[in-house]
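Novice: One structure coming up, written as structure tokens, with questions to follow.
The values are calculated or read from the model by the stated rules, or taken from the named source; none is laboratory data. These figures come from a predicted structure and were not determined experimentally. Every residue, glycine among them, receives a Cβ derived from its backbone with ideal geometry; neighbour counts consider all protein chains shown.
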Amino acid sequence: MKNLKSFFAGVLVTILIIMLATTVFAEQISKTINVVYRDIKITIDGEEITPKDANGKIVEPFIFDGTTYLPVRAISEAVGYDVGWDDVNNTVMLREKQAEAGEFYSAIFALNHGENDLKIGIPSIFMRFYGIQTYINTDDFTDMVLTRDGIPVDNKLTYTGVFHQGEWWIGEITDFYFAFEYENLEPGRYGFTGKYKGVPFEVYNKIIEASPLGDTPANPDYLCYVSWVSSGLYGREGAYALSSIGFNFHGTQQTFYKSDLTDLKLTLNGEEIEFMLLDSYSRYLECFGDEVQTGFHWHFEKPFTTPGIYQMTGNYMGKPFASEIIEILVP
């Protein structure tokens, strides 16, 4: 399936449309051909499909002059593509299906931040949907439970009537805001589960921290990996812009000083290129199962968009590191 989708996405396809009445139309000229039907079956990833036309009528593949012809609509839709017909240019148009407006994407905690990105409260949750819209049915959300350190918290959630529309890497989105009866200020690990139209969803755990951050730098012995913060295109693999570099540590870490980074080197396709990090970072405190990790995302002065393979190397407080390798694809 993946290879078929990549083929359709990467190649401009112009297809000769062969009518079932065995008459071919091309450049306003028609001719009658003899085709062979052999009860040809089609499987995708081992699963047999029954090809049908736009009206639901079964369309049988056939062989003509040694070439097997398959119905483009049935094959395209089976691998996730919409099919259009340009009658002026006699061209079949394949486009990857976009999520329907109104389809639920995820629920996300809205956080209040203190100095140095300290997480100090969770006042609300926003429900993110694909597409631009202005209405949701709140009755579609059921079985919603807020937890702190795994224990349910009695804190009523109410739709505020506020929504924000915009663009994200998955395409157009709308966020609908639900406010808790009181802001969650007590320190601990917060989680949230529920169902939308009967389908379960979960909000990633967030931690409200107990005390202000100190000035102790992140422990280099706890550096677990260096990652990229990238933007992507909906329906495509890979990235098209690199905006930040993230240093991720085991446990709770307080702060990170850019001066502790030395011998930094950024390469594009193995060749060193120039870059500049801003003097500010974003701090993230996340839960992965039972493990807590702290991430410090340092932002580049300008995002990188040139296609190719990127990697950063250097030292943090004398400890060598090499970032993950990431590839920017041609938009």
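Novice: Could you tell me which numbered condition Lys302 fails, if it satisfies all but one of (1) in contact with a strand residue (DSSP E or B) (Cβ under 7 Å, 6 or more places away or on another chain); (2) assigned to a strand (DSSP E or B)?
Specialist: Only one criterion in (1) in contact with a strand residue (DSSP E or B) (Cβ under 7 Å, 6 or more places away or on another chain); (2) assigned to a strand (DSSP E or B) is unmet by Lys302, namely (1).
Novice: Failed condition for Asp215, given (1) part of a loop (DSSP other than H, G, I, E, B); (2) at pLDDT below 80, with all others met?
Specialist: That leaves (2) as the condition not met.
Novice: Among (1) closer than 22 Å to Cys287 by Cβ; (2) at pLDDT 80 or above; (3) of a type in the set (A, V, I, L, M, F, W, C); (4) crowded, with 16+ Cβ neighbours inside 10 Å, where does Cys224 come up short?
Specialist: For Cys224, the failing item is (4).
Novice: Given the stretch 138-190, what strands (runs of 3 or more DSSP E) lie entirely inside it while holding 1 or more residues that are in contact (Cβ under 8 Å) with a residue 12 or more places away in the chain, assigned by TED's automatic domain parsing to the domain that holds Cys287 and surrounded by fewer than 16 Cβ atoms within 10 Å (Cβ to Cβ)?
Specialist: Here the list is empty.
Novice: In this structure, does Glu327 turn out to be within 27 Å of Asp221 (Cβ to Cβ), in contact with a strand residue (DSSP E or B) (Cβ under 7 Å, 6 or more places away or on another chain) and touching a residue at least 60 places away in the same chain (Cβ under 8 Å)?
Specialist: Considered against the rule, which asks whether it is within 27 Å of Asp221 (Cβ to Cβ), in contact with a strand residue (DSSP E or B) (Cβ under 7 Å, 6 or more places away or on another chain) and touching a residue at least 60 places away in the same chain (Cβ under 8 Å), Glu327 comes out as no.
Novice: Oh, and also: Hey, can you tell me all the residues within the stretch 303-320 that are touching a residue at least 24 places away in the same chain (Cβ under 8 Å) and surrounded by fewer than 17 Cβ atoms within 10 Å (Cβ to Cβ)?
Specialist: Pro303, Thr305, Thr306, Gly308, Ile309, Thr313, Asn315, Met317, Gly318, Lys319 - these are the residues of the stretch 303-320 that are touching a residue at least 24 places away in the same chain (Cβ under 8 Å) and surrounded by fewer than 17 Cβ atoms within 10 Å (Cβ to Cβ).
Novice: Taking the stretch 295-324 as the region of interest, how many residues are β-branched (Val, Ile, Thr) and at pLDDT below 90?
Specialist: Adding up the residues that qualify gives 2.
Novice: Any residue in the stretch 121-129 that is outside the structural domain of Glu291 (by TED's automatic domain parsing) and in a loop (DSSP other than H, G, I, E, B)?
Specialist: no
Novice: Suppose the filter is of a type outside the set (A, V, I, L, M) and more than 26 Å from the chain's Cα centre (by Cα); does Ser323 pass it?
Specialist: Considered against the rule, which asks whether it is of a type outside the set (A, V, I, L, M) and more than 26 Å from the chain's Cα centre (by Cα), Ser323 comes out as no.
Novice: Pick from the stretch 234-267 the residues that are in contact with a Pro (Cβ under 7 Å, 6 or more places away or on another chain) and farther than 16 Å from Gln293 by Cβ: which of them is modelled with the highest pLDDT?
Specialist: Of everything passing the filter in the stretch 234-267, Asp260 is modelled with the highest pLDDT.
Novice: Restricting attention to the stretch 283-302, which residues are loosely packed, with under 15 Cβ neighbours inside 10 Å and either under 15 Å from Leu223 (Cβ atoms) or touching a residue at least 60 places away in the same chain (Cβ under 8 Å) (or both)?
Specialist: Glu286, Glu291, listed by residue number.
Novice: OK, next. Taking the condition of being surrounded by 15 or more Cβ atoms within 10 Å (Cβ to Cβ) and either among the basic types (Lys, Arg) or in a strand (DSSP E or B) (or both), how many residues in the stretch 265-281 meet it?
Specialist: So the count comes out to 5.
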